[in-house]
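One structure is given below, represented as structure tokens, and several questions about it will come after.
The values are calculated or read from the model by the stated rules, or taken from the named source; none is laboratory data. Bear in mind that the values here come from a model prediction, so they are computed numbers and not experimental data. Quick reminder, even Gly has a Cβ in these numbers, built from the backbone with ideal geometry, and neighbours come from all protein chains shown.
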Amino acid sequence: MKLTNSQEEYLKTIYILEKSSDKVRVTDIAKKLKITKPSVNRAIKNLRDLYLLEYEVYGEINLTYQGEEKAKEIIKKQDIIKMFLVDILDVEEKSAEEEAKSMKHAMSPNTTKKLEKYISKIMDLGELDCDYDENNPKCKSCIKITIKNRLDKKEKI
């Protein structure tokens with residue numbers, strides 16, 4: 001299922017809000033995305049019709065299993081692109097964040113997989129001696145340090 005850029009941003013935002021609070025409401029999404037509540041209502045209805053979330057008027061918003069998986073995929077794609085920009089190309093973090101946010105909409109799943117494989121190969125991520133979990137913030141922090149150390153060693157050679 002191909003979603004619009006806007007729909008992807010809504011799913012990502014809802015997922016992040018769900019992980020950081022007990023309930024997600026239209027007002028929360030509107031504040032986070034800096035848009036109007038009527039715009040959020042229209043988007044929520046469309047996403048509900050695609051079975052990506054559950055929502056009753058004036059109630060809380062919950063991603064379905066399919067919606068949560070799609071949101072994770074979107075976040076992962078953005079993280080992979082950002083990692084490439086920051087850790088391989090040495091792009092400044094803030095710029096990389098903005099560019100990755102835009103680029104993720106243009107990349108196919110196949111290209112994203114290839115980029116992920118390339119990064120893993122370049123950075124030897126397959127040889128980590130731990131239970132690496134790409135969704136764990138501690139692991140993301142640890143991997144950045146590991147990658148930086150490995151790249152610094154390669155530059156010295």
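From the list K82, K104, pick out the single residue that is among the charged types (D, E, K, R), within 18 Å of N5 (Cα to Cα) and touching a residue at least 24 places away in the same chain (Cβ under 8 Å).
K104
When you look at Y55, is it in the same structural domain as A30 (by TED's automatic domain parsing), modelled with pLDDT of 90 or more and within 17 Å of E9 (Cα to Cα), yes or no?
So Y55 fails the test.
Oh, and also: Can you go through K37, K12, K45, K2 and tell me which one is free of Cβ contacts under 8 Å to residues at least 24 places away in the same chain and either within 20 Å of I75 (Cα to Cα) or among the β-branched types (V, I, T) (or both)?
The unique qualifying residue is K2.
Next question. Working carefully through the options K12, K32, K76, find the one that is in contact with a Leu (Cβ under 9 Å, 6 or more places away or on another chain) and closer than 22 Å to S102 by Cα.
After applying the criteria, what remains is K32.
Conditions first: (1) surrounded by fewer than 16 Cβ atoms within 10 Å (Cβ to Cβ); (2) outside any helix (DSSP H, G or I). V91 passes all but one, so which condition is the exception?
Among (1) surrounded by fewer than 16 Cβ atoms within 10 Å (Cβ to Cβ); (2) outside any helix (DSSP H, G or I), the lone unmet condition for V91 is (1).
Sort out which residues of the stretch 94-109 are modelled with pLDDT of 90 or more and either outside the structural domain of I122 (by TED's automatic domain parsing) or over 14 Å from the mean Cα position of the chain (by Cα) (or both), and write them in order of number.
K94, S95
Is at least one residue of the stretch 60-79 without any contact (Cβ under 8 Å) to a residue 24 or more places away in the chain and either of a type in the set (S, T, N, Q) or not in a helix (DSSP H, G or I) (or both)?
Looking for residues that are without any contact (Cβ under 8 Å) to a residue 24 or more places away in the chain and either of a type in the set (S, T, N, Q) or not in a helix (DSSP H, G or I) (or both), one finds at least one in the stretch 60-79, hence yes.
Sticking with this structure for a sec: Could you tell me whether any residue of the stretch 2-17 is of a type in the set (D, E, K, R), in a helix (DSSP H, G or I) and farther than 30 Å from Y118 by Cβ?
Within the stretch 2-17 (the criterion being of a type in the set (D, E, K, R), in a helix (DSSP H, G or I) and farther than 30 Å from Y118 by Cβ), the answer is no, since none of the residues qualifies.
Then there's this: Consider I119 carefully, then state whether it is surrounded by 16 or more Cβ atoms within 10 Å (Cβ to Cβ) and at pLDDT 90 or above.
The answer is no for I119.
Hey, does the stretch 81-88 have a residue that's in contact with a helix residue (DSSP H, G or I) (Cβ under 6 Å, 6 or more places away or on another chain), assigned to a helix (DSSP H, G or I) and modelled with pLDDT of 95 or more?
Taking every residue of the stretch 81-88 in turn, none turns out to be in contact with a helix residue (DSSP H, G or I) (Cβ under 6 Å, 6 or more places away or on another chain), assigned to a helix (DSSP H, G or I) and modelled with pLDDT of 95 or more.
What number of residues within the stretch 26-59 satisfy the criterion of being of a type in the set (F, W, Y) and either touching a Pro at 6+ places or on another chain (Cβ under 8 Å) or part of a loop (DSSP other than H, G, I, E, B) (or both)?
Looking only at that region, the number is 2.
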